[in-house]
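So that we are looking at the same thing, I have put the structure below in C-alpha cells.
The values are calculated or read from the model by the stated rules, or taken from the named source; none is laboratory data. Not measured: the values here are computed from a predicted model. Here the Cβ positions follow ideal geometry from the backbone for every residue, glycine too, while neighbour counts run over all protein chains shown.
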Amino acid sequence: MSNMSDIPFYKQVGDEKQIFSAAWHCQHAVMLKGPTGVGKTRLVESMAAELGRPLITVSCHEDLTSADLLGRYLLKGNQTVWMDGPLTRAVREGAICYLDEIVEARADTTVAIHALTDHRRTLYVERLGETLVAAPEFMLVVSYNPGYQSILKDLKPSTRQRMVSIELGFPPHDVELEVIIKETGINKEMAEDLVRLGGAIRRLDISGVPEVSSTRALIAAADLINSGLKPHAAIRAAMIGPLCDDKDIAKNLMQIVNTYVSEEAN
Amino acid sequence: MNLHRYGLLASAIAGRQMGVVESGSGETYTDGQVIYLARGAEKLQLVGLVAQAALLCFGSFEQTLIVQLTRKRSAVASRYLTLEAVRVAHVGQYLMPRAVQAVIAAQWSGAVSGSPAESLRRAMEEKSIPALPELFGVIRPWVLLKGLREIESEALSDAELRGAQKYEPEFNEEKDEEEEESETSILLNKMAGPAPSDNAISNMFKAIFGVENKASGEEKKGQGGSGAELPSGGAKFSKKISAGAKLIRTVFGIGEPDRPDSDNGVTYPEWDYRTGAYLPQWCYVTEFDVAPSAGARGLAGVSDRALRRKLARLGTTHQRHKRQHEGESLDIDALIELAGDVLSGQSGDERIYETTRKTGRGLAVVVLIDASGSTSDQQAGGSPIWEAQRKLAQNVITAFDELGDMVGAYGFRSYGRNDVRFLRVKDFDKRFDQAAQTRLQALKPSGFTRLGAAIRHASDLLTTKAATGHHLLVVVSDGFPYDIEYEEEYAEQDVRHALGEAMASGVGCVCISVGAPTDKALLDRVWGNVGHASLNEPREIVRYAEPLFRAAIKNAAAEYR
C-alpha cells in the first residue's frame, strides 16, 4: 500500500477521480479533455499512484510513428535485438500508458491503438508477427486540448468514440486557491489576488488572447514571487508574456494586473 | 485623456465588451456599453470603474428594475446604488479586486440584499441607507434605458425623449425641493472637512491605495465648500438626430472625416459600355486610415469554429513531407543517413520516403466592406445593415486569419470618381489584432458606392502584395453600384467588366449581402458571372461560404491559365 505522501497531490473538482477509477476497473480507455495547465497530467499521475500501477508517458508529436509506440529492432554489434516501445511495454506489464496531446500525432499512428481500445484489448506488432493481449491492469489514457488545434488536426470520430471522456476545466475559485497554496506555500492573500486575477483574465475571451491563464501559470507566478521577484514583474513573466504577443493587448492586460494585485508584497 | 487602456479591465469584470471614455459631466456612470469616467486620481477612478462594471455583471442594471428607478427621485437611485454595491462586493468576492471590495465593505455594514429586486424595494422603503461617495459614480436610469434599448435596437419614443430631458437634470440638483432630510451620507460629510490625517476615509485610502483622498480636493477648485455638493457640470442632453439630418450627414460625409494616408493615389480606367471602350485614368483611388472614434471598442467576436472548418479546405496547396514511413518517392537525405548508420553498426531511422499532401495554406483574401451611406439604412429587423455587414466581415476575416491565410480588409466608399477611398482596417502582414478590431468598429458609413474602381484596386492589391497562390476577393455589400455620374446600366456594366478583369488576373470574386433588400435581378445581372449570396443574418455565412468561395477560386484559376 503506497504511502499517502507518495501520491502526487491532485484536488478533485467534480467526480473525475471516480470516473477514472471506474474506467480502470472496467478496462476502458480514458480521454482527458481540457485546456492546458488545468491538471490533466497531474490527475493521471495521482491516479496511477493510487491504483498502484506504473505510469508510462509518451508526449505525442507530428513525427511520432507506430515504431516509436510499438518498438523497433536495434543493431547491437552484429545482432539485431527487438526493443519494446512504450505502448508494448505497458501492454505487457499492465501499466497505465498516457499519450499526451494525442492530436499532435498523425492519424495513421493513432490508428495503432484502435484494437487496444475496444473489447479486443489486443496489440498487433507487425515486426514481431505477434498479437499481444493486454494484461488486465493495462489502461490507455490520452489527453487532448479541444480548443487549440486547427480544424485539420482534429481527433477522428472513430478514435474518440472508443474512450470514456473526462472533461477538465479551470477549477472553481476555492479549489484553485487551495492548489496554489499547497503547491507554492505562498500566503493566502497573494494567492487570493492571483486567483481573482486569473478569473478576470478568463472572463475576457477575446481574439488575440487565444489561451487564458491556466492554474499552472498562476502557480509559476506564485513561485516567482516567493523567490523574491516583485509581484507585477512575476505576473508579467509567468502569466501575461506566455499569454499573448500583441503589445497593445499586453499593455491593457497589465492594467488589469495593476488593479488586482498591489505591487507591495504582502 | 485616453482611457482606452481601461477597456479590457471593464470588460473582464462586466463579462462583456465595454468601452471606457472620459465623462463630460464630471460624474462616473454607465449606459451598459460604455463607462464614462470622471476625472480624478487613477486609483480612485478605478474604484468607480470596477464598481460600475461589477454592477453590470451581477444584474443591478437589469431593464425592469431600471425602469422603476426612472419613476423615482434620485435619492432612491442613490440608495439602490449603495445596496447593490454592497451586495455585489459580497457575491463577487472572487471577481472584484481586493482593494475595491474593502472600500465598498467599509461604506455600510448593514444587511446585504439577496437580489437586485430586494435592493430596490429596500431603497424605496429604508430612507436611512447612506449614499456612496462620489468616486463610485451614479446611476443614470434614463441613460441606461437608452443604452440597453440601443443594444436591442429600439428607438425611444417622443414621450420618452421628453421624459429623458425632464429627468436627467435631477442628478445635478443640489437638493430635492420636497424632501427635508439630507440625502448626503455621513461619509460625504466627513470628506467635507479639510481631510485631516486622522480622517477615517483618508486613512483607509492610504492603507489600501497608498494615496491621500484627493477627490474632495480636486473637484472643488473654484467652488470652495463642502463635499456635500454634487458637481453641477452642465446637464448633457443627448438628442436623437432627426432622420433628415442623418441623411445629410451620411450623404455629404459630414462627421468623422477620414484621415488621408498620403497624396499618392492610383488611377484606374472605367468601362463605358456605350462606346465599348475604357475611359482612361478615370477614377482616383486613395488609401486612408480609419479615423479613430471615441468609444469604438476593439474587442473581437467569438471565433466561429464551424466557419473555420469550412474554410480550412479552401486554397490548400501541395506541401512536401519528408521522412515518411511511406511515399511515392525516396527521401534521399534520409536514405543516406540510414545507410551511414547501418554501416557504422547502429540502428537507423527507417523513414526514408517522401510524399506530397495538400496541407499548405496558399490563399490570399481581401475583404471589402461597403462603407457607403446606404448601409446605415435599417434592416427589416431593426438594426442597420451596416452592423450586420460589419459583423459578417468580422467573422470572415477572423476565420481566415485564424487559419493563417493572408487577409487584407478595407472599407470602401466614394464621393465621385475623383475621390474613391479605401479605408484600411487590416493589413496583409499583420494578424487581426486589437488595433485592427478597433478600426473595424470605428468605421462609419458615409458616401457612395463606386464598385468598379473598388474591385479594380482590390484586385490590384491582391496580385501585387500576395503574388503567389490563390486569390479571393470578398465584397460585403448590397451589391448595388451607385455614385455621382455612376448609376443604372452604366454602373452595372462597369462592375461586370471589372469583375471580368479580376477573374482574368486570377482573382476569384464574390459578393455577399446581408439584410439588404436589393433586388435579385440586379444581383444576377451584375454578379451573376462570379458568385453572390444574400443572407438574412451574418451567421448564415457558414452554409454558403465554402461552395461560394471554392467556385470563385476555381473559376478564376481557370480563366487565369
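Output the number of the condition that A:Glu50 fails; it satisfies all remaining conditions of (1) in a strand (DSSP E or B); (2) out of contact with any Phe, Trp or Tyr (no Cβ under 6 Å at 6 or more places or on another chain).
With (1) in a strand (DSSP E or B); (2) out of contact with any Phe, Trp or Tyr (no Cβ under 6 Å at 6 or more places or on another chain) applied to A:Glu50, the lone miss is (1).
Consider A:Ala22 against the criteria (1) among the small types (Gly, Ala, Ser); (2) closer than 19 Å to B:Glu350 by Cβ; (3) without any contact (Cβ under 8 Å) to a residue 12 or more places away in the chain: it satisfies all of them except one. Which criterion is unmet?
(2)
Let me ask you something else. Could you figure out which of (1) closer than 23 Å to A:Gly52 by Cα; (2) among the aliphatic types (A, V, I, L, M); (3) modelled with pLDDT under 80 isn't true of A:Ala135?
Of (1) closer than 23 Å to A:Gly52 by Cα; (2) among the aliphatic types (A, V, I, L, M); (3) modelled with pLDDT under 80, only one is false for A:Ala135: (3).
Now a separate question. Among the residues of the range B:496-514, is any in contact (Cβ under 8 Å) with a residue 40 or more places away in the chain and in contact with a Lys or Arg (Cβ under 6 Å, 6 or more places away or on another chain)?
yes
Is at least one residue of the range B:413-428 more than 27 Å from B:Tyr273 (Cα to Cα), touching a helix residue (DSSP H, G or I) at 6+ places or on another chain (Cβ under 7 Å) and of a type in the set (A, V, I, L, M)?
yes
So, one more: On the basis of being of a type in the set (A, V, I, L, M), free of Cβ contacts under 8 Å to residues at least 12 places away in the same chain, closer than 28 Å to A:Ala48 by Cα and away from chain B (no Cβ under 14 Å), does A:Ala115 make the cut?
Here the answer is yes, as A:Ala115 does meet what is asked.
Of all residues being touching a strand residue (DSSP E or B) at 6+ places or on another chain (Cβ under 8 Å) and in a helix (DSSP H, G or I) in the range B:342-373, which is nearest to the other protein chains (Cβ to nearest Cβ)? Just the residue, please.
B:Val342
While we're looking at this one, here's another question. Kindly list the number of the only condition in (1) within 30 Å of A:Lys76 (Cα to Cα); (2) more than 12 Å from chain A (Cβ to nearest Cβ); (3) not aromatic (Phe, Trp, Tyr) that fails for B:Asp429.
Failing condition for B:Asp429: (1).
Can you tell me which residue in the range A:81-106 is surrounded by the fewest Cβ atoms within 10 Å (Cβ to Cβ), limited to those that are out of contact with any helix residue (DSSP H, G or I) (no Cβ under 8 Å at 6 or more places or on another chain) and farther than 23 Å from A:Glu50 by Cβ?
A:Val81
Then there is this: Answer yes if at least one residue in the range A:70-78 is within 14 Å of chain B (Cβ to nearest Cβ), touching a residue at least 12 places away in the same chain (Cβ under 8 Å) and assigned to a helix (DSSP H, G or I), and no otherwise.
yes
Continuing with this model, one more query. Answer with yes or no whether B:Ala77 is closer than 17 Å to B:Ala10 by Cβ, of a type outside the set (Asp, Glu), more than 14 Å from every other protein chain (Cβ to nearest Cβ) and over 28 Å from the mean Cα position of the chain (by Cα).
Taking the combined requirement at face value, the residue does not satisfy it.
From the list A:Asp193, A:Asp248, A:Asp223, which residue is touching a helix residue (DSSP H, G or I) at 6+ places or on another chain (Cβ under 8 Å), more than 11 Å from every other protein chain (Cβ to nearest Cβ) and not in a strand (DSSP E or B)?
A:Asp223
Can you tell me how many residues in the range A:51-69 are within 14 Å of chain B (Cβ to nearest Cβ) and of a type in the set (A, V, I, L, M)?
3
I'd like the full set of residues that are surrounded by fewer than 18 Cβ atoms within 10 Å (Cβ to Cβ), more than 20 Å from A:Pro172 (Cα to Cα) and in contact with a helix residue (DSSP H, G or I) (Cβ under 9 Å, 6 or more places away or on another chain), limited to the range A:9-24.
A:Ser21
Now for a separate question. Which residues, counting only those in the range B:68-90, are closer than 16 Å to B:Gln52 by Cβ and either touching a residue at least 40 places away in the same chain (Cβ under 8 Å) or out of contact with any Cys (no Cβ under 9 Å at 6 or more places or on another chain) (or both)?
If the condition is that a residue be closer than 16 Å to B:Gln52 by Cβ and either touching a residue at least 40 places away in the same chain (Cβ under 8 Å) or out of contact with any Cys (no Cβ under 9 Å at 6 or more places or on another chain) (or both), then B:Leu69, B:Ala77, B:Ser78, B:Tyr80, B:Leu81, B:Thr82, B:Leu83, B:Glu84, B:Ala85, B:Val86, B:Arg87, B:Ala89 are the ones that fit.
From the list B:Tyr486, B:Tyr490, B:Tyr482, exactly one residue is within 19 Å of B:His532 (Cβ to Cβ) and either in contact with a Phe, Trp or Tyr (Cβ under 8 Å, 6 or more places away or on another chain) or among the acidic types (Asp, Glu) (or both). Which is it?
Going through B:Tyr486, B:Tyr490, B:Tyr482 in turn, the sole match is B:Tyr482.
Next question. Considering each residue of the range A:49-102, count those that are basic (Lys, Arg), under 22 Å from A:Glu126 (Cβ atoms) and at pLDDT 85 or above, and give that number.
Within the range A:49-102, residues that are basic (Lys, Arg), under 22 Å from A:Glu126 (Cβ atoms) and at pLDDT 85 or above number 2.
Let me ask you something else. For the range B:20-44, which residues satisfy the criterion of being closer than 25 Å to B:Val91 by Cβ and either within 14 Å of chain A (Cβ to nearest Cβ) or surrounded by fewer than 19 Cβ atoms within 10 Å (Cβ to Cβ) (or both)?
If the condition is that a residue be closer than 25 Å to B:Val91 by Cβ and either within 14 Å of chain A (Cβ to nearest Cβ) or surrounded by fewer than 19 Cβ atoms within 10 Å (Cβ to Cβ) (or both), then B:Val20, B:Gln33, B:Ile35, B:Leu37, B:Lys43, B:Leu44 are the ones that fit.
Within the range B:311-339, count every residue that is surrounded by 15 or more Cβ atoms within 10 Å (Cβ to Cβ) and under 29 Å from B:Arg550 (Cβ atoms).
Number satisfying all stated conditions: 8.
Filter the range B:318-333 for residues that are under 11 Å from B:Glu350 (Cβ atoms) and part of a strand (DSSP E or B); which is nearest to the other protein chains (Cβ to nearest Cβ)?
B:Arg323
So that you can scan it fast, the table gives a plain yes or no per residue for (1) under 20 Å from B:Tyr544 (Cβ atoms); (2) among the hydroxyl-bearing types (Ser, Thr, Tyr):
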site	(1), (2)
B:Val396	yes, no
B:Asp405	yes, no
B:Arg421	no, no
B:Lys430	no, no
B:Thr463	no, yes
B:Ala466	no, no
B:His470	yes, no
B:Asp478	yes, no
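Further, regarding this structure: Show the residue pairs that are 6+ apart or on different chains and have beta-carbon atoms under 8 Å apart, the first residue being within the range B:390-413 and within 14 Å of another protein chain (Cβ to nearest Cβ), the second being among the basic types (Lys, Arg) and assigned to a helix (DSSP H, G or I).
As it stands, the answer is B:Asn395/B:Arg539; B:Ala399/B:Arg308; B:Glu402/B:Arg308; B:Leu403/B:Arg308, since those pairs meet every condition given.
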